[in-house]
1. Can you give the alpha-carbon Rg of segment 176-225 over 2.2 N^0.38 Å, where N counts its residues?
2. ³J(HN,Hα) across segment 182-187 via Karplus (A = 6.51, B = -1.76, C = 1.60, θ = phi - 60°), whole Hz, x for Gly/Pro?
3. When the solvent-accessible surface of protein heavy atoms is calculated with a 1.4 angstrom probe, in what order do E107, E161 fall, highest first?
4. For segment 170-296, what's the relative contact order in percent, using C-alpha pairs closer than 8 Å and at least 6 residues apart?
5. Kirkwood Rh, Cα Rg: Rg to Rh for segment 122-257?
6. For V298, project a label point 7 Å along Cα to C-beta. Then give me every residue of segment 243-268 with its amide nitrogen under 18 Å of that point.
7. Taking 0.36 nm per residue of separation and subtracting the Cα-Cα distance, what length does fully extending T307 through Q279 add?
8. Over the heavy atoms of D261, what accessible area does a 1.4 Å probe trace out, to the nearest 10 Å²?
Amino acid sequence: PTNLYLEVDEVVTTVESGELTITGTTAADDDDVDLEVNGIRIYETNLVGNGVVHRISTVLIPPDLVIPEPEPCSGFGCDFGFGGGFVCFSGSTTVDVQNKGQTKMSELQIGDNIAVDGQTYEPIYSFGHRAPSAKSDNFVEIKTTAGNNVQVSKEHLLFVEDGKTVAAGSIQKGDRLANDVIVQSVKSVSINDGLYAPFTPSGKYVVNGDILASSFISFDNDSQVNVGGINFSNQWMSHSFEFPHRVVCHYLGQCKNERYDADGLSEGWGNYPLAFITQVFGLGTVAKTLVFSTMIVVFAAFNIIETTFFAYPVVGFVAAIMAMAMMKKNKNKNIL
């Protein structure tokens with residue numbers, strides 16, 4: 001990487017371009033400094049480095065130095081936010097909060113009941129991503145014929161007319177989304193008003209009035225995950241994968257004071273699963289198939305447990321009574 005020399009507090013410091021995104025040039029004796037660090041224009045201002053705030057007095061960059069543009073992030077990790085926007089909406093995106101109306105994502109709190117379909121409301125039990133000051137160039141803006149629009153990360157799943165989910169970045173003009181929404185235009189955009197990804201028990205919610213969105217992301221830039229020749233929807237895979245998180249944070253209500261790491265990911269529930277799934281997609285074909293096959297068996301068990309003991313406890317209670325009755329009947333037969 002190119003080394004740039006900053007005279008910081010009268011001490012010349014070397015900064016590698018791999019650590020900072022720096023654009024612009026200036027002569028050493030030029031008082032009119034035109035420089036941007038991480039997208040922020042600086043002139044006789046402060047630079048935070050290693051936890052210390054330094055005063056920039058002189059920027060020593062040869063006027064003929066060409067600073068290369070940062071290489072675009074590529075690979076599955078980037079889809080999840082390591083350089084892009086992780087499964088997110090911009091802070092200006094709105095949802096319908098019960099008894100409050102349309103509310104910006106940036107104003108939402110855990111526990112808010114938001115519309116997930118028609119007049120059905122569910123609580124936000126967690127934020128997979130909550131980064132108020134974050135920026136991203138990994139977004140698309142989708143405008144509809146009804147005049148609504150939404151800014152969403154390219155890999156975020158949106159529901160289409162047949163009930164399936166597709167990545168926002170794959171949507172095109174004329175496509176029909178859920179709720180009879182017709183797409184008028186799609187374009188790539190950058191956002192600078194934060195990144196937000198609320199989770200609801202059903203794994204979906206309505207944004208900007210009528211666009212039905214998933215809480216989850218598209219795996220490997222596809223709408224489905226193929227395991228041993230069988231396709232499983234990303235929505236089902238992700239919702240099942242979320243089961244432990246949902247139990248602790250929704251059913252048991254233990255995430256009221258959720259904390260987020262430096263990237264805005266939920267500590268424990270966002271960063272660790274993200275690292276795990278990124279590693280899985282980095283495996284070879286055979287290893288990845290084995291891991292996913294195991295995951296699907298576990299996910300099926302998760303769905304049975306959630307349905308019978310959490311979502312519909314009456315069903316679980318009746319099933320338990322019937323099982324006990326059958327066991328007692330078989331025991332009596334064995335005695336005879």
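1. My calculation over the Cα atoms of segment 176-225 gives 1.32.
2. 10, 7, 8, 7, 9, 8
3. E161, E107
4. Value for segment 170-296: 14 percent.
5. That ratio is 0.97, to two decimals.
6. 243-249, 268
7. 7.1 nm
8. Spelled out: D261, probe radius 1.4 Å, area about 40 Å².
The values are calculated or read from the model by the stated rules, or taken from the named source; none is laboratory data. In this text the structure is predicted, and so the values were computed from the model without any measurement. Cβ sites come from the backbone with ideal geometry, for glycine too, and all protein chains shown count toward neighbours. To get the accessible areas, we keep the full protein, side chains included, count just its heavy atoms, and leave off ligands, DNA and RNA. Shrake-Rupley method; radii C 1.70, N 1.55, O 1.52, S 1.80 Å.
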